[in-house]
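Worksheet for the structure shown next.
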Number of protein chains: 2
Amino acid sequence: MNFFISDTDGTARNGTVETARGQVSTPAFMPVGTQGTVKALSPEELVSMGAEIILSNTYHLYLRPGHEIIRSIGGLHTFMNWDRPILTDSGGFQVFSLASLRKIREDGVEFRSHIDGSLHFLGPEKAMEVQVALGTDIAMAFDECTPYPCDYEYAVKSLELTTRWAQRCKSYLDSETQGSKRPALFGIVQGGMYKDLRARSLAELSRIGFDGYAVGGLSVGEPKEEMYDVIRFIAPLMPAESSRYLMGVGDLMDVLVAVENGFDMFDCVMPTRNARNGTLFTSRGRISIKRTEFKSDAGPLDPDCSCNTCRNYSLAYLRHLFLAKEILSMRLNTVHNLHFYLNFFKNMRAAIHNKTFSAFKEHWEGVLGSATQ
Amino acid sequence: MNFFISDTDGTARNGTVETARGQVSTPAFMPVGTQGTVKALSPEELVSMGAEIILSNTYHLYLRPGHEIIRSIGGLHTFMNWDRPILTDSGGFQVFSLASLRKIREDGVEFRSHIDGSLHFLGPEKAMEVQVALGTDIAMAFDECTPYPCDYEYAVKSLELTTRWAQRCKSYLDSETQGSKRPALFGIVQGGMYKDLRARSLAELSRIGFDGYAVGGLSVGEPKEEMYDVIRFIAPLMPAESSRYLMGVGDLMDVLVAVENGFDMFDCVMPTRNARNGTLFTSRGRISIKRTEFKSDAGPLDPDCSCNTCRNYSLAYLRHLFLAKEILSMRLNTVHNLHFYLNFFKNMRAAIHNKTFSAFKEHWEGVLGSATQ
C-alpha cells in the first residue's frame, strides 16, 4: 500500500491510503465487522453511506467459521460480498480480553475459545497465516495489549515481547507471501501509559520498518487526560510519511484530539453498538430513542441528516421499533449512526483542507460535550 | 376497492384487487408486518421483491404504539414508509390467541395485554375505529375465531355473534366514514369444522354484503384433510365476483389446494418466521441452513433463485451468519424466503394464465412433499 498526504492544518492532515482494492481518504473511520459482517448492515448499505474500508476481527473469524473455510470460499471479501479494502486486527486484543485461561509463551498465546471453551493457539506466525488466508489488505502485527493499570516492569517485558512478535510477523510475510498475496503490515506501539516505553516501542518498530504504525492499548479504562497525554506525546514521534492508526478509539471527542495531533485511521464499535442500544448521534448531540417525548413526534431524528433513516422515518416510528424490539430498529439506527460518523469524518477532512480544523473541533466539542438527552 | 377476474383454469383464477393505493395481482401472498414492519426487512426491499400488499395487525398496533399515535403521524403508511396497499386484520384472532383473561360480551371482548397485562377492550366498533385510524386499505370485520376442537353448540353461538359483529362493523363504517376515509371491508366466515355452520355463516355475511369474503378459523391445529374438506366445501359457495381470502394459511401445499378451489388472497408468517429460524425454501425443497455439509459450500442457497441473497452470498456464509447469530442472517434469510414465496405466487398466476395450473400443482407437491433436508 501507499500513503500520501494531501493537506495539512497544523499537525492535522488529510491523506490517501492506496491499496490494490481501492483508496481510503484519511482521516478515516473504519466500521467494525467483527464476524465478517458490520452488525445489522448489508455491504450495499455500507457502500451507499460511503464506507471505504472496514475492519474485521482475526480472533473471531479464526474461531468461527475458521480461516481455512474462508480461504476456500475465496477469501473474506468474497465471503462477505465486500470488494473494498479490509483491515484485520491481529487477534491479540481479543485473546487478552475475550478468551480465558491464557498462557503467554515466547511464540504466542494458548487460550480457550469464548464460544465453546476449546483450546487454541495464536502467535505472530499464526496470526499472519490467518490474516493472509482471509485475504486482508492491511494486516496488524500480533501484539500483547497491556491492561490498565499495568506496572512498569510488566509493561517493559510486554513491549519487548510485542517487538519480537512484530519482527516475527514481518519475517513471516517476507518468507511466506509475495506479490498481491502480501498484505500491508502495521506495527502496534504498546508501553501502557509510560511515555518512555511508548517512545521505545515506537523506536524499535521503526527500526524493523512497517507500512504503517498503530497505537494500541489506549481507551482501555484509563482517564481521558492520560490517554490524551499519550496521544500528544507519541504522535509527533511517529514517522510523518506513514499512516498512523489509533486502535479502538472512536469517541468523537477523542478522535478530534487524535486528528489534531496527526492520527489518520480509527475504528470503534461505538456507532454500531450504540445504535443497537438506542443511543443515536445527531448534529445536536446524543439522543436516547426511548424518550417519552418522541412518542408522537412526526419529525426526523436529525433534520440536518441526509441518511435513509432521517429521510424516511419519524422519531415516533424509531421509538416504536426500538420498544417493540424489531430488527428494523437496529438496522435504521445503525444506518443513521454510521452515516453520522462517516459524514463527520468527511466534514473533518473538508475542514483540514480549508484550514478550519480548529473551528470544526471547537464546534463539535460543544455539541458532543452535552450529555445524552 | 374493485375486484376483477382475468383468467381461470378450472376453478383456479387470476384477478386484480384495485385500491386507491394500487393494484394487487391475485392469487396474492401478503407478507405479515405485525408491528408495522415486516420483520428484518425494509419497505424498499419489499418493493424490490415485488410485494404489492402487506398485512398488519390491529391488536398489536392498538396496544403499541397505539392507533391514535399512528393516526397523528399520518397513518400507518406514512408511519412505516410503505405506500402500497395494507390489509389489517381485526384483532379478533390475537385477542383469542395472545391476550389473557378474556371476557366475551355482546359488544366485544375485554382482555389483558400480552405486553404489560393492562386491561383493554376490542369490539366491532372499536376494531373499526382502530383500523380507520391506521388508514388501512382493507379492513377485516371483528370476529371470534373458534378454537379446534370446538363443540357444535359453541360453534353455533360463536358464528351468530360473529355475524352480529360483522353487521355492526359495516354499520360503523356506513355512519362514521365516507369517501377516501372508508376502507374496503371483508367479512370473515367462521363455523369451525362444521360444514353446515360454514355455509350458514357465509350466507349470513353475504346477506349483509361485504367487499370481500374471508375464511377464518382454519390452520388452527386441525388435521390437513379436515381443513381441505372445509376449503373444498366453502369455496364454490362464496360469491364468485368477490375476492376470497383464506386467513393465516401459508403452507404452500395448503395454498395449492386453496387456489385450485378458487381462493385469491393469503397471509402467513411462515416464510419470515422460518427464515429467522434458519429454515429456507428452495426450488428443491426446504433446507436447514445449519447443516454441517454447508460449512464450506461456496455455492448459492438456490441456484435457480434470483434474489439478492442467492446472487451474492454462499451457503457457507449464510450458515456462518446463522451460527454466529448475526442480524444479517435474519435479513438475508428473510429476503430469500419472501422472494421465494412471491415468486411462487407469480409463477402460479402464470400457470393459471397458461391453463397449466394442474401441472404446476403436481410439480410443487412433489418438491414440497419432501422432508426438510
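Every number in this text was worked out from the coordinates using simple rules, so none of it is lab data. Since we're looking at a predicted model, the values are computed, not measured. Cβ placement follows ideal geometry from the backbone for every residue including glycine, while neighbour counts extend to all protein chains displayed.
In table form, for the structure just shown:
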{"quantity": "Interchain or long-range residues, amide H under 5 Å from B:T8's placed H", "calculated": "B:N14"}
{"quantity": "Net charge over other residues, Cβ less than 14 angstrom from the Cβ of B:N354 (K, R count +1; D, E count -1)", "calculated": "+3"}
{"quantity": "Dipole magnitude of chain A, debye to nearest 20 (Cβ charges: Lys/Arg +1, Asp/Glu -1, about Cα centre)", "calculated": "780"}
{"quantity": "Relative contact order (percent, whole number), the stretch B:2-268, Cα cutoff 8 Å, 6+ residue spacing", "calculated": "18"}
{"quantity": "Whole-angstrom gap from the stretch A:181-247 to the stretch B:116-153, using each part's C-alpha centre", "calculated": "64"}
{"quantity": "Given charges at Cβ of Lys, Arg, Asp, Glu: the stretch B:2-268 dipole, positive-most of B:I234, B:C145, B:S72", "calculated": "B:S72"}
{"quantity": "Mean Kyte hydropathy of -0.5 or more with a Cα span along the axis of at least 18 Å, helices from DSSP in chain B", "calculated": "B:195-208, B:327-353"}
{"quantity": "Dipole-positive endmost among A:G50, A:Q178, A:M30 within the stretch A:2-268 (Cβ charges, Cα centre)", "calculated": "A:Q178"}
{"quantity": "Residue of chain A whose Cβ sits closest to the axis mapping A onto B, with distance in whole Å", "calculated": "A:I327, 3"}
{"quantity": "Amide H within-cut-off set for B:M238, under 5 Å, with H built and near neighbours excluded", "calculated": "none"}
{"quantity": "Local net charge near B:P65, Cβ-Cβ under 15 Å (Lys/Arg +1, Asp/Glu -1)", "calculated": "+2"}
{"quantity": "Average partner coverage of A:328-334, which counts Cβ from other chains inside 10 Å", "calculated": "4"}
{"quantity": "Partner lysines for B:K181 [C-alpha distance under 25 Å; skip if fewer than 8 residues away on the same chain]", "calculated": "A:K295, B:K126, B:K170"}
{"quantity": "Kirkwood Rh in Å, taken over all unlike Cα pairs in the stretch B:71-154", "calculated": "14.1"}
{"quantity": "Estimated FRET transfer efficiency when R0 is 22 angstrom, pair A:E241-A:I208 (beta carbons, to 0.05)", "calculated": "0.85"}
{"quantity": "Relative contact order (%) - the stretch B:275-364, alpha-carbon pairs under 8 angstrom, separation at least six", "calculated": "27"}
{"quantity": "Isolated Cys residues of chain B, judged by Cβ distance under 4.7 Å to other cysteines", "calculated": "B:C145, B:C150, B:C169, B:C268, B:C307"}
{"quantity": "Nearest-first distances (nm) between copies at A:S97, label 7 Å from Cα via Cβ", "calculated": "4.4"}
{"quantity": "For A:T11, inter-copy label distances in nm, listed shortest first [label point 7 Å out on the Cα-Cβ vector]", "calculated": "8.4"}
{"quantity": "Straight-distance crosslink candidates among lysines, where the alpha carbon sits under 30 Å from A:K346 and sequence neighbours closer than 8 are dropped", "calculated": "A:K39, A:K224, A:K290, A:K355, A:K361"}
{"quantity": "DSSP beta bridge pairing in the protein assembly as shown, given as percent antiparallel to the nearest 5", "calculated": "50"}
{"quantity": "Copy-to-copy label separations for B:R291, where each label sits 7 Å from Cα toward Cβ, in nm and ascending", "calculated": "5.1"}
{"quantity": "A:E176-A:D116 pseudo-label distance in nm [points 7 Å out on the Cα-to-Cβ vector]", "calculated": "2.3"}
{"quantity": "Charge tally in the Cβ shell below 10 Å around B:A275, where Lys, Arg are +1 and Asp, Glu are -1, B:A275 excluded", "calculated": "+4"}
{"quantity": "Antiparallel bridge percentage (DSSP; both residues within chain A; nearest 5)", "calculated": "50"}
{"quantity": "Charge dipole magnitude, Cβ of K and R +1, D and E -1 - the protein assembly as shown, Cα centre, debye nearest 20", "calculated": "240"}
{"quantity": "Radius of gyration and Dmax over the Cα atoms of the stretch B:2-268, both given in Å", "calculated": "17.2, 50"}
